Amino acid sequence: MSRALRKQMFSVLNLLEKANRTLKVNLTAKHVNEEGTQQLLSECQEMAIAMGSELETIYGEGTETVHELEDYCETLYHMTLVLHDPEKRRVMLHTLAGQIRQARKLLGEQIPDRQEVVFLPYKASMWDSLESVWRAAEEDEDCDVYVVPIPYYDRDPDGTFSQYHYEGDEMPDDVPVTHYENYDIQKRLPDKVFIHNPYDQYNYVTSVDPRFYSIELKKCTETLVYIPYFVLGEVGPEDEKGVEGMAHFCTAPGVLNADKVIVQSENMRQVYIKVLTKACGEQTRKHWEKTILGTGSPKFEKVQSTKKEGLRIPEEWLEMIRKPDGKWKKIILYNTSVSALLEHQEKMLEKMKFVFQVFQENREEIALLWRPHPLIGATIRSMRPQLWTEYQRLVRKYQAEGWGIYDASPELNRAIALCDAYYGDWSSLVQLCQKAGKPIMIQDVEIL
């Protein structure tokens, strides 16, 4: 349970104690205000029932604290029956006071003073942007940690939600997952919430479930933390053109609503501060200086800690990687991005066909590992539907021919660790491959 909710629970007990003192004053007066006393007893019962229901929602039925609250409600009821008997009233008041003290003791034992921290990934392939922070929280003895993958939807060209996706079953085996239907964030009020999708309703390709938009999550937690699921080419704050190109990343709803934003470098922190101050006014600079932290992306930590020796490689991949003598071919990671396809459209599809032809002709020495951006299919359907049939045909042909690897798995870092070099579009993979020490070549759509 979060500290915020724990505090709320103890506040209810404080109110019940205060009500008990008021009852004592009312019932020892010369003339008892029976109507007012009945009303106060009823209000105490409602508060105790509501608190018990909250505890059952989180911990299930049968906890000692809930039993004590049930006994307290029973005593309140019996009090209504003995209002005209001074001696029995005195005994009941003493019983009520003892039950509240016991409920407080049991609540303290049931809910230790710990932080509740929840991580809300939406795509399993982007979990690496949160993983190292999650591991640190897991090791903190004062934290109760939950990983709650949230659902998302593709959008049709008219913006309406279409296909539903839930990737909780694709998360790494060592990550304990809680289903989002079993974690009521509005009731649990976690102390910290970590997200990696900042767009709320403004993503025209996909959308997380609106219940998990940053504007809604901000109402449910003391600290909302946003960590981008991507890394970008470094831009200095003095590079006006570069800063202008970064603006839409810096002003996404998740950034504006977050209490803390963790970005990949101090340089990038200064860019965020510059863009946000310009957008929101010079008087907000100190706020952004406190909010934006340039402590580094967990994606860099993940890619540098993933080693080829520890990888689990599918057997069908190994068949394309091994030469007849057992030695490995050179492995080229081929990445096709969303932005390049949106910009170049049919020309980009022609470029991909040409690339596949070249690598197929050289398949005896080189293994191609094609990893398209995980949102490329949804993007084409939503924003370039005229390309969808041809793109599908291209994917099916590549897979059917069986000479190259097609990687649509969530395991991005496996592909980076496995490859000998990167080839493809500008994307965050370029930064990650550079961190891993891989040679980089950017494809030129004009060269066929």
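The values are calculated or read from the model by the stated rules, or taken from the named source; none is laboratory data. Small disclaimer: the values here were computed from a predicted structure and weren't measured. Cβ placement follows ideal geometry from the backbone for every residue including glycine, while neighbour counts extend to all protein chains displayed.
Tell me yes or no: at least one residue of segment 127-142 is part of a strand (DSSP E or B), aromatic (Phe, Trp, Tyr) and in contact with a His (Cβ under 9 Å, 6 or more places away or on another chain). The answer is no; no qualifying residue exists.
Inside segment 282-302, residues that are surrounded by 20 or more Cβ atoms within 10 Å (Cβ to Cβ) and in a strand (DSSP E or B) make up a count of 1. Flag: Val231 does not match the condition of being under 15 Å from the mean Cα position of the chain (by Cα) and crowded, with 22+ Cβ neighbours inside 10 Å. It is to be established whether one or more residues within segment 240-247 are touching a strand residue (DSSP E or B) at 6+ places or on another chain (Cβ under 9 Å), surrounded by fewer than 21 Cβ atoms within 10 Å (Cβ to Cβ), without any contact (Cβ under 8 Å) to a residue 12 or more places away in the chain and at negative phi. No, segment 240-247 contains no residue that is touching a strand residue (DSSP E or B) at 6+ places or on another chain (Cβ under 9 Å), surrounded by fewer than 21 Cβ atoms within 10 Å (Cβ to Cβ), without any contact (Cβ under 8 Å) to a residue 12 or more places away in the chain and at negative phi. For segment 50-71, the condition of being farther than 28 Å from Tyr183 by Cα and surrounded by 19 or more Cβ atoms within 10 Å (Cβ to Cβ) holds for none of the residues. Restricting segment 196-220 to residues that are crowded, with 22+ Cβ neighbours inside 10 Å and part of a loop (DSSP other than H, G, I, E, B) leaves a set whose member that is farthest from the chain's Cα centre (by Cα) is Pro198.
Condition (residue is outside the structural domain of Ser129 (by TED's automatic domain parsing), loosely packed, with under 13 Cβ neighbours inside 10 Å and either touching a helix residue (DSSP H, G or I) at 6+ places or on another chain (Cβ under 7 Å) or under 26 Å from Glu315 (Cβ atoms) (or both)) applied to segment 362-375: is it met by at least one residue? Explain how you work it out, then say what you get.
So in segment 362-375, the residues outside the structural domain of Ser129 (by TED's automatic domain parsing) come out as 362-375.
Now drop any that are not loosely packed, with under 13 Cβ neighbours inside 10 Å, which leaves 364-365.
Now restrict to residues that are either touching a helix residue (DSSP H, G or I) at 6+ places or on another chain (Cβ under 7 Å) or under 26 Å from Glu315 (Cβ atoms) (or both): 364-365.
Taking every residue of segment 362-375 in turn, at least one turns out to be outside the structural domain of Ser129 (by TED's automatic domain parsing), loosely packed, with under 13 Cβ neighbours inside 10 Å and either touching a helix residue (DSSP H, G or I) at 6+ places or on another chain (Cβ under 7 Å) or under 26 Å from Glu315 (Cβ atoms) (or both).
From the list Leu333, Leu293, Leu276, Leu318, which one is aliphatic (A, V, I, L, M), free of Cβ contacts under 8 Å to residues at least 40 places away in the same chain and closer than 29 Å to Asp173 by Cα?
On the way: Leu333 fails: free of Cβ contacts under 8 Å to residues at least 40 places away in the same chain; Leu293 fails: closer than 29 Å to Asp173 by Cα; Leu276 fails: closer than 29 Å to Asp173 by Cα.
Being aliphatic (A, V, I, L, M), free of Cβ contacts under 8 Å to residues at least 40 places away in the same chain and closer than 29 Å to Asp173 by Cα holds for just one of Leu333, Leu293, Leu276, Leu318, which is Leu318.
Just one of the listed residues (Ala378, Ala400) is under 21 Å from Lys353 (Cα atoms), of a type in the set (A, V, I, L, M) and surrounded by fewer than 18 Cβ atoms within 10 Å (Cβ to Cβ), namely Ala400. Restricting attention to segment 11-56, the residues that are charged (D, E, K, R), in contact (Cβ under 8 Å) with a residue 40 or more places away in the chain and touching a helix residue (DSSP H, G or I) at 6+ places or on another chain (Cβ under 8 Å) total 3.
Identify all residues within segment 146-190 that are among the β-branched types (Val, Ile, Thr), assigned to a loop (DSSP other than H, G, I, E, B) and at pLDDT below 95; write none if there are none. Residue satisfying the conditions is Thr160 alone. Looking only at residues of segment 21-74 that are of a type in the set (Gly, Ala, Ser) and not in a loop (DSSP other than H, G, I, E, B), we find that the one that is modelled with the lowest pLDDT is Gly36. Condition check for Met441 on (1) more than 30 Å from Gly159 (Cα to Cα); (2) in contact with a strand residue (DSSP E or B) (Cβ under 6 Å, 6 or more places away or on another chain); (3) surrounded by 14 or more Cβ atoms within 10 Å (Cβ to Cβ); (4) among the aliphatic types (A, V, I, L, M): one failure, at (3).
It is to be established whether one or more residues within segment 173-185 are over 20 Å from Glu116 (Cα atoms), surrounded by fewer than 20 Cβ atoms within 10 Å (Cβ to Cβ), touching a Lys or Arg at 6+ places or on another chain (Cβ under 6 Å) and not aromatic (Phe, Trp, Tyr). Looking through segment 173-185, none of the residues is over 20 Å from Glu116 (Cα atoms), surrounded by fewer than 20 Cβ atoms within 10 Å (Cβ to Cβ), touching a Lys or Arg at 6+ places or on another chain (Cβ under 6 Å) and not aromatic (Phe, Trp, Tyr). Residues in segment 308-351 that are more than 25 Å from Ala436 (Cα to Cα) and hydrophobic (A, V, I, L, M, F, W, C) were compared, and the one that is surrounded by the fewest Cβ atoms within 10 Å (Cβ to Cβ) is Leu342. For the structure I just gave you, tell me whether Gly236 is in contact with a Phe, Trp or Tyr (Cβ under 8 Å, 6 or more places away or on another chain) and either surrounded by fewer than 21 Cβ atoms within 10 Å (Cβ to Cβ) or touching a residue at least 24 places away in the same chain (Cβ under 8 Å) (or both). For Gly236, the condition - in contact with a Phe, Trp or Tyr (Cβ under 8 Å, 6 or more places away or on another chain) and either surrounded by fewer than 21 Cβ atoms within 10 Å (Cβ to Cβ) or touching a residue at least 24 places away in the same chain (Cβ under 8 Å) (or both) - is not met.
Among the residues of segment 371-417, those identified as touching a residue at least 60 places away in the same chain (Cβ under 8 Å) and part of a loop (DSSP other than H, G, I, E, B) are Pro374, Leu375, Gly402, Trp403, Gly404, Ser409, Pro410, Glu411. Evaluate segment 59-75: report whether one residue or more is touching a residue at least 12 places away in the same chain (Cβ under 8 Å) and either among the basic types (Lys, Arg) or over 29 Å from Asp113 (Cβ atoms) (or both). Taking every residue of segment 59-75 in turn, none turns out to be touching a residue at least 12 places away in the same chain (Cβ under 8 Å) and either among the basic types (Lys, Arg) or over 29 Å from Asp113 (Cβ atoms) (or both).
A quick yes/no check of all residues on (1) polar (S, T, N, Q); (2) more than 26 Å from Asp158 (Cβ to Cβ); (3) touching a helix residue (DSSP H, G or I) at 6+ places or on another chain (Cβ under 6 Å):
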{"site": "Lys187", "(1), (2), (3)": "no, yes, yes"}
{"site": "Tyr204", "(1), (2), (3)": "no, no, no"}
{"site": "Cys220", "(1), (2), (3)": "no, yes, yes"}
{"site": "Thr223", "(1), (2), (3)": "yes, yes, no"}
{"site": "Glu238", "(1), (2), (3)": "no, yes, no"}
{"site": "His248", "(1), (2), (3)": "no, no, no"}
